[in-house]
Amino acid sequence: MTQARWQALWLLHSQRRGWLARLLWPVSLIYGALIAVRRVLYQLGLKQSRHVSVPVVVIGNVVVGGAGKTPTVLSVVNHLRARGWRPGVVSRGHGRKSRQVVHVGPDTERSDSGDEPALIHLRTQVPVCVSANRLAAARALLAAHPEVDIIICDDGLQHLALHRDLQIIVFDDRGTGNGWLLPAGLLREPWPPNARTRSTDLVLHQRREDAPGSALARSPGTQVFGAVRRLADQAVGPTGEQLPLDQLRGQRLTAVAGTARPGVFFDMLRARGIEPTVEVGLPDHAALSDYAALMQDSSTTLLCTEKDAVKLFPTLIDSPVGRHPQVWAIPLEMTPDPAFFTALDERLKPLKRRT
């Protein structure tokens with residue numbers, strides 16, 4: 001069984017308390033105990049969360065499998081810039097090979113930066129720094145970019161070494177799945193949180209444009225806001241050219257997604273009236289070599305996510321036309337409720353005065 005098929009099988013079983021989830025449930029109790037011990041160590045001061053000189057906003061999730069952190073980071077960064085902040089982003093850079101602290105730029109190898117940090121830098125042009133140690137990444141970013149007055153930490157909810165001033169917790173249409181911890185369920189930590197052990201600031205519950213909303217368990221006082229995710233109306237080519245989506249209908253198309261849940265991309269294509277002839281799901285953070293066979297078929301048009309495009313597009317710009325398929329990336333747009341940004345601004349007001 002391929003890695004992508006195993007991921008799909010596990011994600012399916014984590015939505016209900018079936019035989020596989022029940023088989024893994026005892027292991028989830030051990031996992032939960034380890035999480036609890038780690039948090040107690042921080043509460044007792046045996047481990048410490050370190051401050052940096054500017055406010056830190058952590059955007060993360062308590063479920064695994066692509067809940068929409070990157071679109072949220074992009075949306076929040078753009079909002080903060082419009083409000084006069086000068087944000088920078090730190091991230092672990094999942095899937096990268098380098099163990100060093102890396103400042104992400106247009107020429108940074110994807111194997112050094114990771115897919116999401118490369119995409120965030122490409123879309124926002126704000127400083128981005130990656131390291132498994134978010135605290136080290138934040139310090140390096142501020143040293144290189146003293147103009148930055150707020151840091152957005154991409155996917156650092158469980159990385160407690162970096163003190164955070166605000167948390168934004170992201171859910172998608174799966175909610176909390178079957179409600180069990182890993183590996184029996186989707187949860188990285190218990191939800192809803194215990195108010196005595198952690199403060200939850202803002203929750204953004206995303207859904208697809210063509211899917212109904214779902215309820216989400218919450219702690220008293222937790223602010224939960226909705227957001228809609230949809231594919232953009234324009235596909236984007238390797239050199240920035242754009243093509244209306246409706247012009248892709250009726251063509252011979254191959255769709256590829258190297259994401260945690262490739263089927264979501266394929267479903268969203270069909271919801272926009274685009275029916276791929278072939279659908280290829282690759283593992284999350286797939287290597288460039290995993291796309292090699294697809295890139296040899298010049299008779300088809302290849303559709304991919306922006307996350308795939310950060311690996312594919314640099315190889316196409318100088319490649320002779322006709323030796324590879326025409327490739328289009330379809331951006332994902334995420335639109336939060338206006339009340340979410342109002343609440344975000346209110347939470348950041350005292351932090352703005354502090355900087």
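The values are calculated or read from the model by the stated rules, or taken from the named source; none is laboratory data. Fair warning: this is a prediction, and the values are worked out from it, not measured in the lab. Quick reminder, even Gly has a Cβ in these numbers, built from the backbone with ideal geometry, and neighbours come from all protein chains shown.
Numbers at a glance
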item: Matching residues in the stretch 136-159 - criterion: being within 26 Å of residue 205 (Cβ to Cβ) and buried (at least 20 other Cβ atoms within 10 Å of the Cβ); result: 150, 151, 152, 153, 154, 155, 156, 157
item: Tally, over the stretch 263-286, of residues that are touching a residue at least 60 places away in the same chain (Cβ under 8 Å) and either over 23 Å from residue 299 (Cα atoms) or among the acidic types (Asp, Glu) (or both); result: 7
item: Residues of the stretch 52-100 satisfying the condition of being in a loop (DSSP other than H, G, I, E, B), modelled with pLDDT under 95, at negative phi and not hydroxyl-bearing (Ser, Thr, Tyr); result: 61, 62, 64, 67, 92, 94, 96, 97, 99, 100
item: Selection count where residues are of a type in the set (Gly, Ala, Ser) and in contact with a helix residue (DSSP H, G or I) (Cβ under 9 Å, 6 or more places away or on another chain), scope the stretch 158-197; result: 4
item: Test: residue in the stretch 113-126 that is touching a residue at least 12 places away in the same chain (Cβ under 8 Å), over 21 Å from residue 332 (Cβ atoms) and surrounded by 16 or more Cβ atoms within 10 Å (Cβ to Cβ); result: no
item: Residue ID - nearest to residue 282 (Cα to Cα), chosen from residues in the stretch 298-328 that are of a type in the set (Asp, Glu) and either at pLDDT 90 or above or surrounded by 14 or more Cβ atoms within 10 Å (Cβ to Cβ) (or both); result: 308
item: Any hit, the stretch 329-340, residues being among the charged types (D, E, K, R), in contact (Cβ under 8 Å) with a residue 24 or more places away in the chain, surrounded by 14 or more Cβ atoms within 10 Å (Cβ to Cβ) and assigned to a helix (DSSP H, G or I); result: no
item: Matching residues in the stretch 255-313 - criterion: being within 19 Å of residue 241 (Cα to Cα) and among the basic types (Lys, Arg); result: 307, 311
item: Residues (surrounded by fewer than 21 Cβ atoms within 10 Å (Cβ to Cβ) and touching a Pro at 6+ places or on another chain (Cβ under 8 Å)) located in the stretch 76-102; result: 81
